[in-house]
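The values are calculated or read from the model by the stated rules, or taken from the named source; none is laboratory data. Computed from a prediction, not measured in an experiment: that's the story for all the values here. Every residue, glycine among them, receives a Cβ derived from its backbone with ideal geometry; neighbour counts consider all protein chains shown. Protein only, heavy atoms only, side chains kept; ligands, DNA and RNA dropped before computing areas. Shrake-Rupley method; radii C 1.70, N 1.55, O 1.52, S 1.80 Å.
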Amino acid sequence: MHYDAIVIGAGHAGCEAALALARTGQKTLLITLTLDAIAHMACNPAIGGTSKGHLVREIDALGGQMGRTIDGAFIQSRMINTKKGPAVHSLRAQADKAKYSASMKNTLLTQQNLTLLQGEVSELLTAENGSISGVKTTHGAVYSAKAVIVTTGVYLKSRILAGEFCEETGPGGLMRSNHLTESIKNLGFPIMRFKTGTPPRINKHTVDYEKMEVQPGDDPVVPFSFLTDPDSVQITQVPCYLTYTNEATHNILRANIHRSPMYSGVIKGMGARYCPSIEDKIVRFADKERHQLFIEPEGLDNDELYVQGFSSSMPYDVQEAALHTIPGLEHAQITRYAYAIEYDCIDATALFGSLMAKEVPGLFFAGQVNGSSGYEEAAAQGLMAGINASLYLRGKDPLILDRSQGYIGVLIDDLTTLGTPEPYRMMTSRAEYRLTLRQDNADLRLTELGYHAGLVSEERYAALLQKKAALDAGLKELEARRLSLTEAEEVSRAIGAPVQSGTQLNTLLARNDAQLCHITPYLTGDYTPAVLRQMEISTKYRGYIQRQQRDIEAFLKMEHTPLPEDMDYSAIGSLRIEAREKLSRIRPRNLGQAGRISGVSPSDISVLMVYLKRHQGEEVQ
Ligand SMILES: Cc1cc2nc3c(=O)[nH]c(=O)nc-3n(C[C@H](O)[C@H](O)[C@H](O)COP(=O)(O)OP(=O)(O)OC[C@H]3O[C@@H](n4cnc5c(N)ncnc54)[C@H](O)[C@@H]3O)c2cc1C
């Protein structure tokens, strides 16, 4: 059976990849281990959070699905970090896990050009010229295609561990993928062993809520998707609760630390530094008297609760004893014990920035299999791999976002240029241009690129151009409009500080003591709340944004200095040996990427610039 493209795995990466392919006209097969765990939230029942909310907005801006699905399947929503600047404002929505999965399954099954199939892929097939040609399943079925995307998540040769207990399964007892690792290894990919963990689930009827702090959702709710009507998400929300560990909890964990497979050495896989287990926290932050735990609902019709912050691989008896020392959980019944999961993944430096394999044309990798961790990180890679597989099949250049265009650009550049020694989780601190890469302007930055990739409709693109034009007009009006004497007196009374007659509206808005509401009465243009928000941020942070823009221009100069794909770095004698090796293996696209490779020094970059100048006769500034 022949398809244009095949996607292996219907997790968060696979769903985005398959939809991007099918929505750009590619006949696509999505094959996955079980149709009952589509877009399964194996861990926290939430989408978004710091920097992850940015990724979801960017996925949506490019024409991806995650934002729209969560807007229809959330049970609580909060904008976090609102006390800080807009660069770190981030949406986080508590998901109804079952509803999210069912909704995504429905989207897949109703999508034209897309076939969904249950099965285990055991082998990647290649043609004589070394390019991908299809897949084989454990049932012996062969499906051919010119593009294949591997999004196998945490399932490759996975095993779960808690104390002395160990079992070769996927997460939560789902079946694992037994054969594909060998096939990937045979194609020359470096395989790594990573680990992550999940906390226990408890029966919601056995919790004492009086002893915990209630955490309500926002009112009003802000949707993730730019396409979602804000009125449609103003629902009755379900609260979360906040409680803390204490000395008694810590003592039990410390007394049994030797029984943790993490500390006994049974677990070989590298764990995520920024997603530590509770026993890790006790050891690494021994001076801390208590650790926060959020008690989160998993769904409206689900009586289980998720104990966020208590991920563990301790034996069951230790989990019980430790949990019962926590205020509110003294009598909590554990319905599913915490565990750690080890799994195989690849070193993503074997991939181009398009996520296509350097050595196997047409083969792409996305998601946790690339060494990242998180639904949002996976979905972002899945979307880009889907878009690029489609562009590859259409004989077009790939869409590679650079670090100044989006968190997605930062994520993929870090994975494919630097690689990662542990599960890579996105953070705002990773994005050097974060003031420009805000979640509120993702559409202004990326929707046009989604349109040219064929994933954003004409209608949506026209709406974007209208928004951009309105923003331009709005910023011009702020610049041109000056307050009359009467108006200045009015504003002065409103803000309780002197305002000069003739003050420009943008000058007034840039003041700390003036808000948008003090400006809008004097605007003649009819601006939407979204455009007004952009006018406010662009004006209040103008100085910082302009400075960052200068940094971005300097960055783009290096980024736009291409390096030939077939450059022979071993022939450049004045390069240091380590640099020659690293450059030959990573094969950077441009000088900017070359400069980010660990082991390539600034003096190596100068050598390359001189070499390019001499050999290409071009001015390299
Ligand atoms: C126990 C646990 C704890 C976690 N903890 C965290 C955390 O604390 N923080 C965090 O950010 N993230 C955590 N995660 C990770 C999060 O679940 C993943 O990041 C996310 O699900 C990755 O998405 P993905 O699409 O790459 O893969 P997955 O969601 O894992 O989906 C992979 C899909 O591939 C399918 N598949 C695999 N092999 C084959 C095959 N050979 N043939 C056909 N189909 C196949 C599977 O059926 C599955 O549908 C945790 C995951 C687990 C399991």
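How big is the range 116-160 on each of its three principal axes, counting only the C-alpha atoms and giving the largest first in Å?
Taking the Cα atoms of the range 116-160, the three principal extents are 39, 19, 17 Å.
Per residue, how large is the accessible surface of the chain? Use a 1.4 angstrom probe and give square angstrom. Before the final figure, lay out the partial values.
Values: 25540 Å² over 621 residues.
Ligands and nucleic acids excluded, the result is 41 Å² per residue.
Can you give the FRET efficiency to the nearest 0.05 for K27 and E167, using r as the Cβ-Cβ distance and R₀ = 45 Å?
Working: r = 38 Å, r/R0 = 0.85.
Computed FRET efficiency for K27 and E167 comes out at 0.75.
Could you work out the helix-only [θ] at 222 nm for the chain, with each DSSP H run of four or more residues adding -39,500 (n - 2.57) and the total divided by the number of residues, to the nearest 500 deg cm²/dmol? Kindly include the intermediate steps, with their values, before the conclusion.
Values: 21 runs with 218 residues, N = 621.
Counting only the DSSP helices, I get -10500 deg cm²/dmol.
Could you tell me what % of all Cα pairs in the range 364-464 have separations over 15 Å?
Values: 3243 of 5050 pairs.
Result: 64 percent of Cα pairs exceed 15 Å.
Once the cut-off is 18 Å, how many percent of the Cα-Cα pairs in the range 156-202 end up in the long-distance tail?
On the way: 415 of 1081 pairs.
Value for the range 156-202 (Cα pairs over 18 Å): 38 percent.
Restricting the calculation to Cα positions, tell me the Rg (one decimal) and the Dmax (whole number) of the range 2-90 in Å.
Cα only, the range 2-90: 15.3, 54 Å (Rg, Dmax).
Between A494 and Y244, what FRET efficiency follows from the Cβ-Cβ distance if R0 is 51 Å, with the result rounded to 0.05?
Details: r = 43 Å, r/R0 = 0.84.
Efficiency, from the Cβ-Cβ distance: 0.75.
So for the range 202-351, considering every pair of alpha-carbon atoms, how many percent are separated by more than 26 Å?
38
Can you bin the range 176-283 into rounded, prolate or oblate? Criterion: square roots of the alpha carbon gyration tensor eigenvalues sorted a ≥ b ≥ c, rounded for a/c under 1.5, prolate for a/b above b/c, oblate for the rest.
Note, shape of the range 176-283 comes out oblate.
What do you get for Rg/Rh of the range 306-349 when both radii come from the Cα atoms and Rh is the Kirkwood radius? List each step's numbers first, then the result.
Numbers: Rg = 14.3 Å, Rh = 12.3 Å.
Result for the range 306-349 is an Rg/Rh of 1.16.
Ignoring any ligand, DNA or RNA, what whole percent of the accessible area of the chain comes from carbon and sulfur when the probe is 1.4 angstrom? Walk me through the numbers before you get to the answer.
Numbers: 13270 of 25540 Å².
So the carbon and sulfur contribution to the accessible surface is 52 percent.
Treating the beta-carbon of each Lys and Arg as +1 and of each Asp and Glu as -1, no other charges, what is the dipole magnitude of the range 434-553 about its Cα centre, to the nearest 20 debye? Display every interim value, and only then the final one.
Working: 16 positive and 16 negative charges, 74 e Å.
Computed about the Cα centre, the dipole is about 360 debye.
Along each principal axis of its Cα atoms, how long is the range 169-226 end to end? Whole angstroms, biggest number first, please.
Cα spread of the range 169-226 along its principal axes, largest to smallest: 56, 38, 18 Å.
How far apart, in nanometres, would the label points at I577 and R482 be if each is projected 7 angstrom from Cα along the Cα-to-Cβ direction?
Spacing of the two 7 Å Cα→Cβ label points: 7.0 nm.
Whole Å is fine, so just give me how far the alpha carbon centre of the range 142-177 lies from that of the range 436-481.
If we compute the Cα centre of each part, the gap is 40 Å.
Over the Cα atoms of the chain, what radius of gyration and what Dmax do you get, in Å?
When restricted to the Cα atoms of the chain, Rg and Dmax are 25.9, 82 Å.
Which of the peptides 351-358, 393-400 is most tightly packed, and how do the rest follow, judged by the mean count of other Cβ atoms within 10 Å per residue?
In descending order of packing, they fall as 351-358, 393-400.
Strictly over 26 Å apart at the Cα level, which of K146/K358; K83/K105; K99/K185 would you flag in this model?
Working: K146/K358 15 Å; K83/K105 37 Å; K99/K185 36 Å.
Listed pairs above 26 Å: K83/K105; K99/K185.
If R₀ is 45 angstrom, what is the calculated FRET efficiency for the pair R193 and L516, using the beta carbon separation as r and rounding to 0.05?
On the way: r = 52 Å, r/R0 = 1.14.
Using R0 = 45 Å, I get an efficiency of 0.30.
Run the numbers on the chain and let me know its relative contact order in percent, using alpha-carbon pairs under 8 Å that are six or more apart. Could the numbers behind the result be given before it?
Working: 1312 pairs, mean separation 100.6, N = 621.
Reported as a whole number, the value is 16 percent.
So for the range 459-525, what are the equivalent ellipsoid semi-axes in whole Å, largest first, each being the square root of 5 times an eigenvalue of the Cα gyration tensor? Write out the running numbers ahead of the final one.
Numbers: eigenvalues 152, 25, 16 Å².
Largest first, the range 459-525 gives 28, 11, 9 Å.
Once you have the Cα-Cα distance between Y316 and M175, take 0.36 nm times their residue separation minus that, and quote the gain in nm to one decimal.
Details: separation 141, 0.36 × 141 = 50.76 nm, distance 2.19 nm.
Taking Y316 through M175 to full extension adds about 48.6 nm, to one decimal.
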